[in-house]
Amino acid sequence: MRTPVIRAKSSGKLAAPREGPELREQEGKSVAIERSRLPYNRDPSRARNTRPKVTREDVRRREALTGELWVIIEDKAYDLTEFQHRHPGGYLCLRGVAGRNATEAFDNFHPAKVWETLLPAYHVADVTDVAVSEYVAGHREIRQQLLERGLFETRPSYYAKVAAWLAALLAAAVGLTVAGGGAGPRLLGAAVLGFFWQQLAFLGHDIGHNSITHKRGVDSLLGAAHVALFGVSMAWWKRSHNTHHVVCNSVENDPDIQHLPVLAVSPAIFEGFASTYHAKAFAPLVLDPIAHFIVSYQHLLYYVFMFFGRYNLYVQSFALLLDFKERVELRFVELGAVAAYWVWFCALASSTESTRELLAYVIISHGVSGILHVQITLSHFCMETFTKDQPVYTADENDWFRLQLATTMDVDCPEWLDWFHGGLQFQIEHHLFPRVPRHNLREVRKLVKAFCKKEGLHYHEVSFLQGNAEVIAGLYETALAARRLPRDGKSIGRLRESWTWEMLNAQG
């Protein structure tokens with residue numbers, strides 16, 4: 001399903017300036033901040049006289065001309081060149097919005113104190129030609145309504161139930177494995193353990209977005225505990241996932257769709273691209289035989305790759321944590337947590353009574369957790385992709401909202417099944433407002449769907465089974481394109497020049 005990009009009905013109409021205090025989120029609570037409190041508004045005459053005036057095009061060209069990283073937030077330009085490598089969310093997501101209007105991305109990933117006290121220090125210019133259409137003002141108003149209704153607030157009782165559910169799953173997995181009394185119960189324990197990991201991942205997702213306590217320090221400690229149970233680096237997850245959110249389904253920038261030689265979600269990938277995440281440029285493709293075979297049949301191999309997907313998470317985690325050239329927050333804490341994970345998992349798996357049973361235990365537990373990988377890829381693999389030359393957003397306005405609609409789908413399921421999907425069924429809403437706790441996303445969906453209907457925007461929502469069918473159809477479409485590509489038979493003897501070798505050795 002490649003969704004058409006549809007222009008909003010009110011795109012061309014300018015909105016009146018918003019008056020009164022600005023509602024922002026701080027630690028999950030809604031706070032009203034008067035713009036007059038911002039440092040550059042306390043003495044307007046002096047502030048305006050000391051900042052140069054620039055246009056959006058000036059900001060866009062800044063990186064190419066000087067190598068500096070400027071972004072636009074509201075009507076101001078900020079120079080984040082020096083700050084990017086200290087950014088808690090990683091520098092790659094900032095590179096993804098370099099030269100662009102990042103107002104929505106900034107607002108929805110940061111608490112109020114960053115906007116009020118930290119951001120002004122990087123203000124270097126005022127942008128003279130930023131115009132807010134009624135369409136942009138309309139989707140920004142959704143956020144104000146969420147804040148007015150307190151939908152950023154976490155309900156502690158909800159996460160108490162989640163913790164009890166996870167504890168019961170882990171206890172069942174351990175009990176069946178250790179005291180099951182036979183190979184059958186132990187392997188059932190492996191399946192329950194895999195299901196525990198699948199459910200635990202949703203909690204890690206909430207922690208990574210600071211949508212539980214909304215306090216970065218507390219959620220970092222929760223993240224370390226999560227790593228000890230899940231075995232995958234939270235630092236790696238944030239590095240990859242934050243980038244994915246900001247540049248969702250960008251061929252050049254989104255690591256979540258850069259999977260060659262295993263999977264290709266768009267024929268545009270075959271035209272060659274420079275991956276900012278993997279720090280590599282890939283020439284237009286002449287596939288080596290290995291990559292050609294895999295991609296040509298990827299629609300048949302998709303569930304196989306999902307079944308074994310967890311092993312790749314281990315590799316990516318160690319690759320980042322052991323790369324001491326890369327800045328990693330809490331590196332040694334995470335290395336200790338990963339070590340703790342392997343200690344308890346190996347001890348548990350050692351309850352098996354033969355090498356064959358041990359192998360089956362590992363394969364079953366990790367394979368069952370592969371349900372998670374299906375759920376993750378379902379949201380984006382069959383949706384629109386874009387390149388720097390063919391964006392899904394227009395140059396004349398900030399199209400964060402339409403970008404998320406074009407590249408993301410929701411899964412339509414009854415409320416009683418929300419526990420199974422863990423919030424991933426509301427990916428559109430989550431991508432728009434990532435700090436909203438998952439138990440409030442159903443309410444967010446009502447507002448988003450109403451706005452889409454008003455503006456005539458396509459909102460893609462299908463059942464879980466239909467979503468799977470659309471992903472397979474999309475992979476098949478790209479597989480047919482891959483079969484038409486020329487093959488370089490000589491690369492069998494020079495693997496180091498092949499795409500298989502390039503991607504397996506890519507940074508990140």
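Run R438 past the list (1) under 25 Å from E384 (Cα atoms); (2) of a type outside the set (A, V, I, L, M, F, W, C); (3) without any contact (Cβ under 8 Å) to a residue 12 or more places away in the chain and report the number of the one that doesn't hold.
With (1) under 25 Å from E384 (Cα atoms); (2) of a type outside the set (A, V, I, L, M, F, W, C); (3) without any contact (Cβ under 8 Å) to a residue 12 or more places away in the chain applied to R438, the lone miss is (3).
State yes or no: is A173 open to solvent by 50 Å² or more (accessible area, probe 1.4 Å), over 19 Å from the mean Cα position of the chain (by Cα) and either at pLDDT 95 or above or over 24 Å from Q26 (Cα atoms) (or both)?
Judged against the criteria, A173 is not a match.
Assigned to a helix (DSSP H, G or I), out of contact with any helix residue (DSSP H, G or I) (no Cβ under 7 Å at 6 or more places or on another chain) and buried (at least 20 other Cβ atoms within 10 Å of the Cβ): which single residue out of H245, H205, H214 fits that description?
The unique qualifying residue is H205.
Has the stretch 257-275 got any residue that is part of a loop (DSSP other than H, G, I, E, B), under 19 Å from Y341 (Cβ atoms) and polar (S, T, N, Q)?
Within the stretch 257-275 (the criterion being part of a loop (DSSP other than H, G, I, E, B), under 19 Å from Y341 (Cβ atoms) and polar (S, T, N, Q)), the answer is no, since none of the residues qualifies.
Determine, yes or no, whether L335 is part of a helix (DSSP H, G or I), over 30 Å from L480 (Cβ atoms) and without any contact (Cβ under 8 Å) to a residue 40 or more places away in the chain.
yes
Looking only at the stretch 350-372, filter to residues that are part of a loop (DSSP other than H, G, I, E, B) and open to solvent by less than 10 Å² (accessible area, probe 1.4 Å); which one of those is farthest from W197 (Cα to Cα)?
G370
For L221, all conditions in the list (1) assigned to a helix (DSSP H, G or I); (2) modelled with pLDDT of 95 or more; (3) of a type in the set (A, V, I, L, M) hold save one; what is the number of the exception?
(2)
I need the full set of residues from the stretch 99-119 which are open to solvent by 20 Å² or more (accessible area, probe 1.4 Å) and outside any helix (DSSP H, G or I), in order please.
Listed by number, the residues that qualify are R100, N101, H110, P111.
Out of the stretch 148-170, which residues are surrounded by 14 or more Cβ atoms within 10 Å (Cβ to Cβ) and either at pLDDT below 95 or among the basic types (K, R) (or both)?
Listed by number, the list holds a single entry, R149.
Quick check: is even one residue across the stretch 62-73 basic (K, R) and at pLDDT below 90?
Yes, the conditions are met somewhere in the stretch 62-73.
Which one of the conditions (1) over 24 Å from the mean Cα position of the chain (by Cα); (2) assigned to a helix (DSSP H, G or I); (3) modelled with pLDDT of 65 or more; (4) surrounded by fewer than 13 Cβ atoms within 10 Å (Cβ to Cβ) does A32 fail to meet, given that it meets all the rest?
(2)
Given the conditions (1) closer than 27 Å to V71 by Cβ; (2) part of a loop (DSSP other than H, G, I, E, B), and given that G181 satisfies all but one, which numbered condition is not satisfied?
The one condition G181 does not meet is (1).
Identify the residue in the stretch 217-241 that is among the polar types (S, T, N, Q) and surrounded by fewer than 23 Cβ atoms within 10 Å (Cβ to Cβ) and, among all such residues, is nearest to C346 (Cα to Cα).
Across the stretch 217-241, the extreme among qualifying residues is S220.
So D129 ticks every box in (1) open to solvent by 20 Å² or more (accessible area, probe 1.4 Å); (2) in a helix (DSSP H, G or I); (3) modelled with pLDDT under 90 but one. Which box is left unticked?
The number of the failed condition is (2).
Out of the residues in the stretch 261-271 that are buried (at least 23 other Cβ atoms within 10 Å of the Cβ) and out of contact with any Gly (no Cβ under 8 Å at 6 or more places or on another chain), state the one that is farthest from I376 (Cα to Cα).
I269
I need the full set of residues from the stretch 449-468 which are surrounded by 14 or more Cβ atoms within 10 Å (Cβ to Cβ) and outside any loop (DSSP other than H, G, I, E, B), in order please.
K449, F451, C452, E455, E461, V462, F464, Q466, G467, N468
If we only count helices (runs of 4 or more DSSP H) wholly inside the stretch 376-448, which ones have 3 or more residues that are modelled with pLDDT under 95?
The qualifying helices (runs of 4 or more DSSP H) are 400-407.
Determine if the stretch 176-192 includes at least one residue that is within 28 Å of the chain's Cα centre (by Cα) and either within 18 Å of N101 (Cβ to Cβ) or surrounded by fewer than 16 Cβ atoms within 10 Å (Cβ to Cβ) (or both).
Checked the stretch 176-192: no residue is within 28 Å of the chain's Cα centre (by Cα) and either within 18 Å of N101 (Cβ to Cβ) or surrounded by fewer than 16 Cβ atoms within 10 Å (Cβ to Cβ) (or both).
Can we say F195 is among the aromatic types (F, W, Y) and open to solvent by less than 20 Å² (accessible area, probe 1.4 Å)?
Against the criterion (among the aromatic types (F, W, Y) and open to solvent by less than 20 Å² (accessible area, probe 1.4 Å)), F195 does not qualify.
Report, ordered by the first and then the second residue, all pairs with beta carbons closer than 9 Å, sequence separation of six or more or different chains, a first member in the stretch 142-171 that is at positive phi and outside any helix (DSSP H, G or I), and a second member that is open to solvent by 60 Å² or more (accessible area, probe 1.4 Å) and of a type outside the set (S, T, N, Q).
G150/K29
Cβ-Cβ under 8 Å, sequence separation 6+ or interchain: first residue in the stretch 272-298 and at pLDDT below 80 and open to solvent by less than 20 Å² (accessible area, probe 1.4 Å), partner part of a strand (DSSP E or B) and of a type in the set (S, T, Y). Which pairs?
Between residues of the stretch 272-298 that are at pLDDT below 80 and open to solvent by less than 20 Å² (accessible area, probe 1.4 Å) and residues that are part of a strand (DSSP E or B) and of a type in the set (S, T, Y), the close pairs are F282/S275.
Return the total of residues in the stretch 158-186 being touching a helix residue (DSSP H, G or I) at 6+ places or on another chain (Cβ under 6 Å) and within 17 Å of E357 (Cα to Cα).
Selection size over the stretch 158-186: 7.
Those residues that are open to solvent by 70 Å² or more (accessible area, probe 1.4 Å), of a type in the set (A, V, I, L, M, F, W, C) and within 21 Å of the chain's Cα centre (by Cα), I need them from the stretch 320-337; list them, please.
Correct list: L330 only.
The values are calculated or read from the model by the stated rules, or taken from the named source; none is laboratory data. What you see is a predicted model; the values in this text were computed from it and never measured. Cβ atoms come from the backbone with ideal geometry, glycine included; neighbour counts cover every protein chain shown. These area figures cover heavy atoms from the full protein model, side chains too; ligands, DNA and RNA do not enter into them. Shrake-Rupley method; radii C 1.70, N 1.55, O 1.52, S 1.80 Å.
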